[in-house]
Each structure stands twice: as structure tokens, then as C-alpha cells.
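Taking it in order: structure first as C-alpha cells, then the write-up.
Read the figures in this text as sums done on the coordinates, not as results from a lab. Just so it is clear, the structure is predicted and the values come from calculations on it, not from any experiment. Cβ coordinates were reconstructed from backbone atoms using ideal geometry, including for glycine residues, and neighbour counts include every protein chain displayed.
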Amino acid sequence: MDIKIFQDIIDNSNYIVFFGGAGVSTESGIPDFRSVDGLYSLKYDYPPEMMLSRTFFNEKTEDFYSFYKDKVIHLDAKPNITHNILTKLEKKGKLKAVVTQNIDGLHQLSGSEKTYELHGSIHRNYCVKCNKFYDVDYIKNSVSIPICQCSGIIKPDVVLYEEGLNSDTVQNSIYHISKADTLIIGGTSLIVYPASSLIDYFNGENLILINKEKTPRDSMATHVYHENLSDVFSELIL
Ligand code: CNA
């Protein structure tokens with residue numbers, strides 16, 4: 001692995017944006033979707049895409065929550081070196097935004113302040129009837145379906161299949177990606193639409209792609225590392 005290319009690009013960049021996915025958090029112990037040990041390899045009665053859809057939430061709420069609490073919420077997970085190096089780059093003023101498809105809140109837990117969560121967060125939950133806020137502990141500790149004081153069902157502020165992305169989050173992400181001189185893409189298969197299409201707004205000089213497996217967008221990168229994110233980020237000298 002030739003880390004010098006990455007190091008030089010980081011040293012000479014002033015507007016870095018990181019665009020990431022579930023692979024950023026696998027080294028914190030949270031399975032992704034598409035790796036061999038990812039959620040898509042589990043044997044459930046329904047495929048995960050279906051269980052994480054709005055229709056499933058509406059029609060089989062109890063099954064939705066049983067899967068969601070067991071497999072999606074990981075409250076013991078801690079930020080790993082990738083989250084922490086990105087936070088360090090932000091504090092140095094080089095990194096201007098993290099655009100993430102993750103819903104685990106680990107970038108914020110690591111101290112990153114400019115994180116745009118395209119798919120929402122497990123940490124925010126709202127009653128569908130009165131909109132009252134509930135934290136993730138309330139969801140995790142609820143027996144079966146979490147219910148509000150007003151008797152409404154509580155829904156995670158997570159973008160389920162069939163739901164649209166928050167337009168402010170998309171606009172902010174596009175703003176930063178289109179201004180970036182360097183875009184680092186990491187830990188994402190880049191096949192979940194429309195989130196992955198946001199990288200097309202990048203107009204800068206250097207696109208570094210770090211992913212264990214090949215992605216359909218490898219050819220657009222200035223440099224590709226088919227490595228673990230931690231192996232690449234741990235080599236950086238900041
Ligand atoms: P994905 O489709 O599962 O792809 C993950 C990619 O990361 C794969 O190509 C892996 O090869 C790669 N990868 C895994 N671990 C590493 C590593 N340590 N270093 C480098 N590469 C690695 O996930 P995407 O994010 O592309 O798909 C978007 C979905 C996944 C979004 O809707 C997320 O909400 C959803 N998701 C999020 C989480 C989370 O919040 N941590 C976990 C699981 C799924």
C-alpha cells in the first residue's frame with residue numbers, strides 16, 4: 001500500500017469532505033449490509049430490505065422492532081480510529097464535512113461537529129401522533145413496540161426503504177461535496193441510491209476511495225485503496 005499519495009493529498013488539501021458508509025463502523029463491531037458477515041447474510045423470515053421498509057414498519061411493527069432492536073441498534077459500539085482521525089482532521093480545519101449513510105451516531109460521539117446523516121439516526125425517535133422525542137434507550141428498553149405517553153407509536157428518525165431523504169441534509173451535503181478539493185469515500189458499496197449519487201457533485205482535484213471490496217465507482221477515483229479503513233488511516237501522520 002502506497003500511503004504517500006494519500007498523505008501528500010491530505011497535506012495539500014484545505015477542503016476535505018469524507019463520504020462514508022457502514023464499512024466505517026464495522027471496526028467498531030457494527031455489521032454492515034453487504035460484507036460476508038453483514039446483515040444481508042442473516043437468515044430471517046424476510047429479507048433485510050423488506051424489514052427496513054416503511055411498509056414493513058407500518059404493517060408488521062412488532063417484527064420491525066424485534067429486528068431493529070436486535071440487529072440495528074448497537075449501544076456498546078465506540079468510535080474507531082477512522083472516526084477519530086476524521087475528527088482530528090476537522091479540528092485542524094482541513095476536513096469541512098462528514099457525509100454519512102450511517103445511522104449509528106459514532107462520528108458525533110468521536111467529536112465530529114459537521115456530520116450530515118443522510119439516513120437519519122437511531123438516537124432520534126419521534127411519536128408518529130404527537131411528535132414527542134424519545135432517545136434510543138427508550139426504544140431499546142421498550143417491551144415489543146415503543147409507545148408514546150399519548151399512545152402513539154414511536155418511529156426512529158431513520159430513513160427506511162420507500163422514504164425520501166431530508167432535503168436540508170441533502171442540500172448541505174451537496175454544498176460541501178461540490179466545494180471540496182478532496183473527497184475521501186470510505187466503507188461504502190456505493191450502490192444505495194440516491195445517497196451514492198451525491199458524489200457526482202464532486203468537482204475537485206483528488207478523489208480517494210478506500211473500500212475492502214471493489215465498487216462500481218472505482219474508476220472515477222484518483223486513487224483506490226482496497227484495504228481496511230483502519231490500516232489506511234492509522235498510517236497518516238497529522
Ligand atoms: P454496504 O452496502 O454494506 O457496504 C459496506 C462496504 O464497506 C462494503 O463494500 C465492504 O466491503 C466495505 N467495508 C466493510 N468494512 C470495511 C472496512 N473495515 N474497511 C474498508 N471497507 C470496509 O453499506 P453502505 O453504507 O454502502 O450502504 C448504505 C446503507 C447501509 C445505509 O442505508 C446505512 O444506513 C446502512 N447501514 C448502516 C450501518 C451503521 O450505521 N453503522 C450499519 C449497517 C448498515
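Pairing each residue of region 184-197 that is near the ligand (Cβ under 6 Å from one of its atoms) with any residue that is among the small types (Gly, Ala, Ser) and assigned to a strand (DSSP E or B), provided the two are 6+ apart or on different chains, yields C-beta distances under 7 Å for GLY187/GLY20; THR188/GLY20.
Among the residues of region 72-89, is there at least one that is free of Cβ contacts under 8 Å to residues at least 40 places away in the same chain and in a helix (DSSP H, G or I)?
For region 72-89, residues free of Cβ contacts under 8 Å to residues at least 40 places away in the same chain and in a helix (DSSP H, G or I): present.
For region 98-133, which positions are of a type in the set (A, V, I, L, M, F, W, C) and surrounded by fewer than 19 Cβ atoms within 10 Å (Cβ to Cβ)? If you could, list the steps in order and put the result at the bottom.
As a first pass, look at region 98-133 and keep what is of a type in the set (A, V, I, L, M, F, W, C): 98-99, 103, 106, 109, 118, 122, 127-128, 130, 133.
Once the filter is applied, which keeps residues that are of a type in the set (A, V, I, L, M, F, W, C) and surrounded by fewer than 19 Cβ atoms within 10 Å (Cβ to Cβ), region 98-133 yields LEU109, VAL128, CYS130, PHE133.
Taking the conditions (1) among the small types (Gly, Ala, Ser); (2) closer than 29 Å to SER144 by Cβ; (3) more than 16 Å from the ligand (Cβ to nearest atom) in turn, ALA97 satisfies each one other than (2). Checking each residue in region 28-70 for being buried (at least 18 other Cβ atoms within 10 Å of the Cβ), within 11 Å of the ligand (Cβ to nearest atom) and part of a helix (DSSP H, G or I) picks out SER28, LEU39, PRO48.
Conditions (1) aromatic (Phe, Trp, Tyr); (2) more than 20 Å from the chain's Cα centre (by Cα); (3) part of a loop (DSSP other than H, G, I, E, B), marked per residue:
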{"position": "VAL99", "(1), (2), (3)": "no, no, no"}
{"position": "ILE103", "(1), (2), (3)": "no, no, yes"}
{"position": "SER121", "(1), (2), (3)": "no, no, no"}
{"position": "VAL143", "(1), (2), (3)": "no, yes, yes"}
{"position": "LEU165", "(1), (2), (3)": "no, no, yes"}
{"position": "TYR175", "(1), (2), (3)": "yes, no, no"}
{"position": "VAL192", "(1), (2), (3)": "no, no, yes"}
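Among residues belonging to region 2-27 that are of a type in the set (A, V, I, L, M, F, W, C) and away from the ligand (no atom under 12 Å from the Cβ), point out the one that is nearest to ASN172 (Cα to Cα). I'd like the intermediate steps shown before the answer.
So the first thing to find is which residues in region 2-27 are of a type in the set (A, V, I, L, M, F, W, C), and the list is 3, 5-6, 9-10, 16-19, 22, 24.
The next check asks that each one be away from the ligand (no atom under 12 Å from the Cβ); those that pass are 3, 5-6, 9-10, 16-18.
Numbers: ILE3: 30, ILE5: 29, PHE6: 26, ILE9: 24, ILE10: 22, ILE16: 14, VAL17: 12, PHE18: 13 Å.
Ranking the candidates gives VAL17 first.
Given the criteria more than 9 Å from the ligand (Cβ to nearest atom), surrounded by fewer than 20 Cβ atoms within 10 Å (Cβ to Cβ) and assigned to a strand (DSSP E or B), does ASP157 qualify? The answer is yes for ASP157. Scan region 213-223 and give yes if some residue there is more than 10 Å from the ligand (Cβ to nearest atom) and buried (at least 17 other Cβ atoms within 10 Å of the Cβ), otherwise no. Checked region 213-223: at least one residue is more than 10 Å from the ligand (Cβ to nearest atom) and buried (at least 17 other Cβ atoms within 10 Å of the Cβ).
Could you please let me know if LYS91 is more than 15 Å from the ligand (Cβ to nearest atom) and basic (Lys, Arg)?
Details: more than 15 Å from the ligand (Cβ to nearest atom): yes; basic (Lys, Arg): yes.
For LYS91, the condition - more than 15 Å from the ligand (Cβ to nearest atom) and basic (Lys, Arg) - is met.
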